[in-house]
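Below is one structure, written out as structure tokens, with a few remarks after it.
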Amino acid sequence: MVKFNFENSSINERMIYEMESVVSENHKKLHDNPNIETDFRGWIDLPENYDKEEFERIKKAASKIQSDSDVLVVIGIGGSYLGARAVIEAVTNCFNNMLPAKKRKMPMIVYAGNNLSSNYLTDLLNLIGERDISINVISKSGTTTEPAIAFRVLREAIETKYGVEEAKKRIYVTTDKKRGALKGLADQEGYETFVIPDNVGGRFSVLTAVGLLPIATAGVDIDKLMQGAKDAREKYMDPSVKFNDCYKYAVVRNLIYNSGKKVEVLANYEPQLHYMTEWWKQLYGESEGKDGKGIFPAGVDLTTDLHSMGQYIQDGERILMETVLAVEEPHSDIIVKEDAENADGLNYLAGKGLDYINKKAMEGTIEAHVTGNVPNMKITIDKLDEENLGHLIYFFEKACAMSGFILGVNPFNQPGVEEYKSNMFRLLEKPGYC
Ligand code: PA5
């Protein structure tokens, strides 16, 4: 369940309802002919219209990896890894990879191909060491440099470790149905493959095999995740901004943007939501930042960043709006005890739960930011579980599409990303670029 609250946003209901016709027009644009192969709206119906046979294959592959691997290396960048990482970190233990294998029960999930750092890849290979591994390489285009290099290195490592034939049984490829270098390689080598549908773009693909295979391997229930998204799909089908909270979020953030606040800071109070924020940043940044327009999506982990970014948010240039991502129930709580000495002066908190203190810090911070002219929105979920995460993912995806349309951009392309690539290829003297 996702709740949206805009009472501290400086935007009132009248202003929102004035956008009714814009929203319903864009709703039509979004839902019109949603299943044609050539566009990127396949994610809208994904919670219902997914490939059921492949879904079962994902579960089977996940249990095989769980049974024969201590580590799953997920190779991908941007939309090809952030969604999986967001869900895994939100739903599993805060220190999952550090738990002893017996306690964790599931393979350690580690990530590669999301940077070009030689330190990172070397340290990752050392971390894997003698451990049994499987690899899930994920790339829709099949040609992205970062994951392609990481795959080349890790493929050599896994082939050296197990021999070419056994390595083939430990490599899982998630890519385009027909095109791309990765698809060609997978067919040639006989790797098990999973499909990224043509009509689902990278940053909208977490509920396809892109996210589902790593998520299931981490022991997260993907049926429940899909159920949460399915509930959201039904809930956010309403064309009216009056009854559709994800459209309301899209409208409110655009109205605040039009009032001169160019940056939206997504603030969480649970460290487990750090990667959900990273996923959200990528979803909104790539979808909206184009044609010289768009809200800049930033993120903070609170209360941690109150001791760094907090100063700017409170007191720096007044270009910020804030959206708090709150979680109602923690999975566990710790009660502060009375102390005879009270040297730290904390006895006034004795008997209170840490989660209560965290919530009061959140309320106090929202109040301070609103007073400091940072309009606030609040999105609340009940708890960090699969259903809530599935629901939240769909909420953000649909709001993002609506928000991009309101802004007047195509939320489904990313032409700007090509610029750095062609410069890098020229500098690397790639054939065709010099
Ligand atoms: O959202 C997007 O389309 C991008 O962030 C891609 O996911 C990212 O660039 C990786 O692309 P690919 O999956 O083709 O390697």
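The values are calculated or read from the model by the stated rules, or taken from the named source; none is laboratory data. Only a predicted model underlies this, so the values are computations on that prediction, with no experimental measurement involved. Neighbour counts are summed over all protein chains in view; Cβ atoms, including those assigned to glycine, are modelled from backbone coordinates with ideal geometry. Just so you know, the surface numbers come from the protein's heavy atoms only, side chains and all, with ligands and any DNA or RNA stripped out. Shrake-Rupley method; radii C 1.70, N 1.55, O 1.52, S 1.80 Å.
Worth a mention:
- Candidates are the residues of the stretch 69-94 that are under 26 Å from ALA167 (Cα atoms) and away from the ligand (no atom under 16 Å from the Cβ); the one that is most open to solvent (accessible area, probe 1.4 Å) is ASP70.
- Qualifying position, being free of Cβ contacts under 8 Å to residues at least 60 places away in the same chain and farther than 20 Å from ASN254 by Cα, among GLU367, GLU386: GLU367
- Scan of the stretch 180-202 for residues that are within 16 Å of the chain's Cα centre (by Cα) and over 16 Å from PRO147 (Cα atoms), ordered by number: VAL200, GLY201
- Residue within the stretch 380-390 that is surrounded by 14 or more Cβ atoms within 10 Å (Cβ to Cβ), of a type in the set (Asp, Glu) and touching a Lys or Arg at 6+ places or on another chain (Cβ under 6 Å) present: yes
- Note on the stretch 249-273: among residues that are in contact (Cβ under 8 Å) with a residue 60 or more places away in the chain and more than 21 Å from the chain's Cα centre (by Cα), the one that is most open to solvent (accessible area, probe 1.4 Å) is SER259.
- For the stretch 225-237, a residue qualifies if it is of a type outside the set (Gly, Ala, Ser), farther than 20 Å from ARG104 by Cβ and part of a helix (DSSP H, G or I), and the qualifying residues are MET226, GLN227, LYS230, ASP231, ARG233, GLU234, LYS235.
- Summed over the stretch 371-409, the residues that are within 15 Å of the ligand (Cβ to nearest atom) and either in contact with an Asp or Glu (Cβ under 8 Å, 6 or more places away or on another chain) or farther than 29 Å from ILE215 by Cα (or both) give a count of 3.
- Selection of the stretch 42-84 for residues being among the hydrophobic types (A, V, I, L, M, F, W, C) and within 15 Å of the chain's Cα centre (by Cα) yields TRP43, VAL74, ILE77, LEU82, ALA84.
- GLU159 within 15 Å of the ligand (Cβ to nearest atom) and of a type outside the set (A, V, I, L, M, F, W, C): no
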